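Taking it in order: structure first as structure tokens, then the write-up.
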Amino acid sequence: MFSVKQGDTEPPLQVLLKDANGRAVVVNAEDVVTFRMGPVSSGVGVSVNAPATVNDPLVGDVQYDWPGGAPAPGLYRAEFHLARVGGDELTFPGDGYIDVKVDPALV
């Protein structure tokens, strides 16, 4: 589980995109990678749908940087979405979600 405090802009949520066989997924220059996250409590809906940063396209190293700070405290499910120029769409992880916990800030 990834943890961050409400309002923090660091650390980024960083992952390596991998296919079903565990091999790195190459992110091409024209591809678009998006970070999506929604609350576990509602079961549906997206509270974050924003561009992700590609750190190293050859190994599928991507991250989300929390611009404006992490959202309201709670448990969230997250994923990265890869849209290829040719129209292919891929979601990571392919099975399940990235669990995210946002703790309340003390101030």
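The values are calculated or read from the model by the stated rules, or taken from the named source; none is laboratory data. A quick note: this is a predicted structure, and the numbers were derived from the prediction, not measured. Here the Cβ is made from the backbone with ideal geometry for all residues, glycine too, and neighbour counts use every protein chain on show.
Is it the case, given these coordinates, that V40 is touching a Lys or Arg at 6+ places or on another chain (Cβ under 6 Å) and of a type in the set (V, I, T)? Walk me through how you get there before you give the answer.
Working: touching a Lys or Arg at 6+ places or on another chain (Cβ under 6 Å): yes; of a type in the set (V, I, T): yes.
Spelling it out, V40 is indeed touching a Lys or Arg at 6+ places or on another chain (Cβ under 6 Å) and of a type in the set (V, I, T).
Could you list, in sequence order, the residues of the stretch 82-107 that are assigned to a strand (DSSP E or B) and in contact (Cβ under 8 Å) with a residue 60 or more places away in the chain? Break it down stepwise before answering.
Taking the stretch 82-107 and keeping what is assigned to a strand (DSSP E or B), we get 82-83, 89-92, 98-103.
Within the stretch 82-107, L82, L90, F92, I98, D99, V100, K101, V102, D103 qualify.
What pairs can you find where one residue is in the stretch 23-44 and free of Cβ contacts under 8 Å to residues at least 24 places away in the same chain, the other is outside any loop (DSSP other than H, G, I, E, B), and their Cβ atoms are less than 8 Å apart, with a gap of 6+ or different chains?
Close Cβ pairs satisfying both conditions: V44/G38.
Look at the stretch 48-58 and say how many of its residues are under 19 Å from P11 (Cβ atoms) and either in contact (Cβ under 8 Å) with a residue 40 or more places away in the chain or within 15 Å of the chain's Cα centre (by Cα) (or both). Give the derivation first.
Here is the first cut: in the stretch 48-58, the residues under 19 Å from P11 (Cβ atoms) are 48, 50-56.
Those still in the list that are either in contact (Cβ under 8 Å) with a residue 40 or more places away in the chain or within 15 Å of the chain's Cα centre (by Cα) (or both) too: 48, 50-55.
Final tally of qualifying residues: 7.
From the list V32, V59, V46, V26, pick out the single residue that is touching a strand residue (DSSP E or B) at 6+ places or on another chain (Cβ under 6 Å), under 18 Å from V85 (Cα atoms) and aliphatic (A, V, I, L, M). Reasoning before the result, please.
Values: V59 fails: under 18 Å from V85 (Cα atoms); V46 fails: under 18 Å from V85 (Cα atoms); V26 fails: touching a strand residue (DSSP E or B) at 6+ places or on another chain (Cβ under 6 Å).
Only one candidate passes the filter, namely V32.
Can you work out which of the residues in the stretch 97-107 that are over 13 Å from V15 (Cβ atoms) and within 18 Å of the chain's Cα centre (by Cα) is surrounded by the most Cβ atoms within 10 Å (Cβ to Cβ)? Steps first, answer last, please.
If we filter the stretch 97-107 for residues that are over 13 Å from V15 (Cβ atoms), which is where we start, we get 101-107.
Right, trim to within 18 Å of the chain's Cα centre (by Cα) and you get 101-103.
Working: K101: 15, V102: 23, D103: 13.
So, considering only residues that are over 13 Å from V15 (Cβ atoms) and within 18 Å of the chain's Cα centre (by Cα), the one surrounded by the most Cβ atoms within 10 Å (Cβ to Cβ) is V102.
Does V100 meet the test of being hydrophobic (A, V, I, L, M, F, W, C), under 16 Å from L17 (Cβ atoms) and modelled with pLDDT of 95 or more? Give the steps one after another, and end with the answer.
Working: hydrophobic (A, V, I, L, M, F, W, C): yes; under 16 Å from L17 (Cβ atoms): no; modelled with pLDDT of 95 or more: yes.
No: the conditions fail for V100.
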